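Everything below concerns the one structure shown next.
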Amino acid sequence: MTNGEDDLIYGRHTVLAALSSGRKLHRIWVVPQVRYSADFLPLITAAKQEGVVVDEVDYKRLNQLTKNGRHQGIAAQVASYNYVPLESLLEEASRQPDPLILIADGINDPHNLGAIIRSGEALGAKGLIIPQRRAVGVTSTVAKVAAGALEHFPVCRVVNLNRTIEILKEAGFWIYGTAVTGGKPIHTVDLRGAMALVIGSEGEGISLLVQKNCDVLLSIPLAGKTSSLNASVAAGIFLYEIYRQRTARHKITGEYLH
């Protein structure tokens, strides 16, 4: 879903989230069984009244449109993804106690990015920052893997990641980078307060310049012979440890994250 282009999303969770959030759709392709189901009928009817073209099709047509993707009987053409400005992301995140923002440094696999977005939204992060160059943007594959989380999780795209990190620091955020080796074991670090977590690319990890701009490097102690983890798997582990620490603190103090 690059800016200026239309794109296709599919799957019941993904399309239902887009419809529920008011995302601008141009066209919907749907099999009758799904269109007239209790979950979709009122939303598709409302979308049609607002000018969205609704085509009742069969599974063969949806297979063609999605190139045999797991469409579950529905697909939609959506307007290009609207990245949020950095200022808006910071303003909204800073309204929350202990805000957590994710930064993806050079993630090129849309499946990894979609999984990071899904985990981030589920575990309390307030948004994601990605670089404009040498990294995947928000595509239909990202939206599909995110399974609806993208409709509730702002993504900001920036030209200069290191300058953005400086802006975050000026706003009171501590920057934590993820490292395969050489970082502090994640369970030994206090992960409370305003923070940004930098997730590195699948092959090279965090760039050297970004590493230098991090306040603390974190790592996941591994017990087996596997030397590293997939970027999205590692992100999920980091995110859960942050969530675990903060949940434990809030239970003690009587405060809650949500």
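The values are calculated or read from the model by the stated rules, or taken from the named source; none is laboratory data. Since we're looking at a predicted model, the values are computed, not measured. A quick note on method: Cβ atoms are made from the backbone with ideal geometry, for glycine too, and the neighbour counts reach across all protein chains shown. In case anyone asks, the SASA skips ligands and DNA or RNA and just uses the protein heavy atoms, side chains included. Shrake-Rupley method; radii C 1.70, N 1.55, O 1.52, S 1.80 Å.
Checking each residue in region 136-171 for being modelled with pLDDT of 85 or more, hydrophobic (A, V, I, L, M, F, W, C) and open to solvent by 20 Å² or more (accessible area, probe 1.4 Å) picks out VAL136, VAL145, VAL159, ILE167, ALA171.
Only one of the numbered conditions (1) under 22 Å from the mean Cα position of the chain (by Cα); (2) under 24 Å from ALA122 (Cα atoms); (3) without any contact (Cβ under 8 Å) to a residue 12 or more places away in the chain is not met by ARG163, and that is (2).
Filtered by the rule that a residue be assigned to a loop (DSSP other than H, G, I, E, B) and either touching a Leu at 6+ places or on another chain (Cβ under 6 Å) or surrounded by 12 or more Cβ atoms within 10 Å (Cβ to Cβ) (or both), region 223-236 gives SER228, LEU229, ASN230. Check whether at least one residue in region 76-87 is open to solvent by 30 Å² or more (accessible area, probe 1.4 Å), over 19 Å from ALA17 (Cα atoms) and out of contact with any Pro (no Cβ under 7 Å at 6 or more places or on another chain), and report yes or no. Scanning region 76-87, I find at least one residue that is open to solvent by 30 Å² or more (accessible area, probe 1.4 Å), over 19 Å from ALA17 (Cα atoms) and out of contact with any Pro (no Cβ under 7 Å at 6 or more places or on another chain), so the answer is yes.
Determine if region 48-55 includes at least one residue that is under 20 Å from THR139 (Cβ atoms), out of contact with any helix residue (DSSP H, G or I) (no Cβ under 6 Å at 6 or more places or on another chain) and either open to solvent by less than 40 Å² (accessible area, probe 1.4 Å) or of a type in the set (Asp, Glu) (or both). No, that holds for no residue. Restricting ARG61, ARG23 to residues that are open to solvent by 50 Å² or more (accessible area, probe 1.4 Å) and not in a strand (DSSP E or B) narrows the list to ARG61.
Taking region 115-131 as the range and being open to solvent by less than 10 Å² (accessible area, probe 1.4 Å) and free of Cβ contacts under 8 Å to residues at least 60 places away in the same chain as the test, the residues that pass are ILE117, GLY127, LEU128, ILE130.
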